[in-house]
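Here is the structure we will look at.
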Amino acid sequence: MDFIQKDKTSLVVIDMQERLMNALPEEPKQSVTKNAGTLIESAKILGIPITVTEQYPKGLGLTIPEIKEAVGNDFSPIEKVVFSCARSPEFKSTLKETGRKEVLICGIETHVCVLQTVIDLINDGYTVYIPADAVASRKELDWERGIKLIEKTGAIVGTTETFLFQLLERAGTDEFKKISKLIR
């Protein structure tokens with residue numbers, strides 16, 4: 001197993017939409033929102049491409065404002081109706097265009113869209129990293145089982161801080177100073 005590397009990584013934010021987020025219990029909702037925001041801000045500092053998806057936005061609403069604002073001017077979500085992002089031709093081509101083979105994923109729901117995306121990306125030859133504190137499900141059991149299944153796929157499961165410090169590699173840099181302020 002290797003460390004995640006900033007020049008080989010893309011960040012994918014899966015389906016953090018109004019109706020899905022509002023269905024989460026308060027604690028995981030706050031945690032996933034905060035940690036996804038930290039990952040997005042850090043990706044911008046580190047020059048990591050960010051891809052955002054929305055599952056059937058007509059029915060599930062748009063991406064929550066906190067995520068839109070964190071992404072900023074480049075916010076352009078990929079609409080999909082498939083559960084696995086990797087089964088969306090637009091997503092696949094967007095990810096391929098980055099030229100990167102490592103994918104850091106945050107979003108919801110752990111046991112459905114996140115899990116199915118992980119399976120397809122690994123089958124397509126990507127290395128996948130899942131910060132367990134930046135993915136969520138409506139039910140704790142679904143989140144727990146989703147994380148266990150994700151681990152069985154060969155994805156690397158850690159936390160937001162675990163992966164950020166691997167991406168940073170060292171203290172004392174401007175990137176470290178900026179990102180350490182985001183971690184609370």
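Couple of notes before you dig in:
- Looking at the chain alone, DSSP beta bridges between its own residues are antiparallel in about 5 percent of cases.
- For Glu79, residues with placed amide H under 5 Å, excluding near neighbours: Glu54
- Across Lys92/Lys152; Lys6/Lys177; Lys34/Lys68; Lys58/Lys80; Lys34/Lys148; Lys34/Lys152, pairs whose alpha-carbon gap is larger than 20 Å: Lys92/Lys152; Lys34/Lys148; Lys34/Lys152
- Karplus (6.51, -1.76, 1.60) ³J(HN,Hα), θ = phi - 60°, over region 95-106, in Hz, Gly and Pro reported as x: 5, 4, 4, 5, x, 10, 10, 10, 10, 9, 10, 10
- The distance linking region 24-99 with region 107-184 is 13 Å (Cα centroid to Cα centroid, whole angstrom).
- Note that region 34-84 carries a Kirkwood radius of 11.7 Å, evaluated over its alpha carbons pair by pair.
- Rounded to the nearest whole Hz, the Karplus-based 3J(HN,Hα) values (6.51 cos²θ - 1.76 cosθ + 1.60, θ = phi - 60°) of region 22-39 follow the sequence 5, 7, 6, x, 4, 5, x, 4, 5, 5, 5, 5, 4, 5, 5, x, 4, 5, with x at glycine and proline.
- Dmax and Rg, reported as Rg then Dmax, of region 1-90 (C-alpha, Å): 13.4, 40
- Near the amide H of Val128, within less than 5 Å, lie the amide hydrogens of Val103, Ile156, all on another chain or at least 5 residues away, with H placed in the peptide plane.
- In a simple Cβ point-charge model (Lys, Arg +1; Asp, Glu -1; nothing else charged), the chain has a dipole of about 80 debye relative to its Cα centre.
- Per-residue ellipticity at 222 nm computed for the chain from its helices equals -14000 deg cm²/dmol, with DSSP H segments shorter than 4 residues left out and the rest contributing -39,500 (n - 2.57).
- Highest GNM mean-square fluctuation among Asp120, Asp174, Asp15, for the chain modelled with Cα contacts below 10 Å: Asp174.
- Given charges at Cβ of Lys, Arg, Asp, Glu: region 15-182 dipole, positive-most of Gly125, Leu60, Leu104: Gly125
- By the count of other C-beta atoms within 10 Å, a proxy for reagent exposure, Tyr129, Tyr56 are ordered fewest to most as Tyr56, Tyr129.
- Charges were assigned to the Cβ only: +1 to each Lys and Arg, -1 to each Asp and Glu. The resulting dipole of region 36-98 about its Cα centre is roughly 260 debye.
Every number in this text was worked out from the coordinates using simple rules, so none of it is lab data. In this text, all values refer to a predicted model and were calculated from it rather than measured experimentally. Counting neighbours? That spans all protein chains shown, and the Cβs are built from the backbone with ideal geometry, glycine included.
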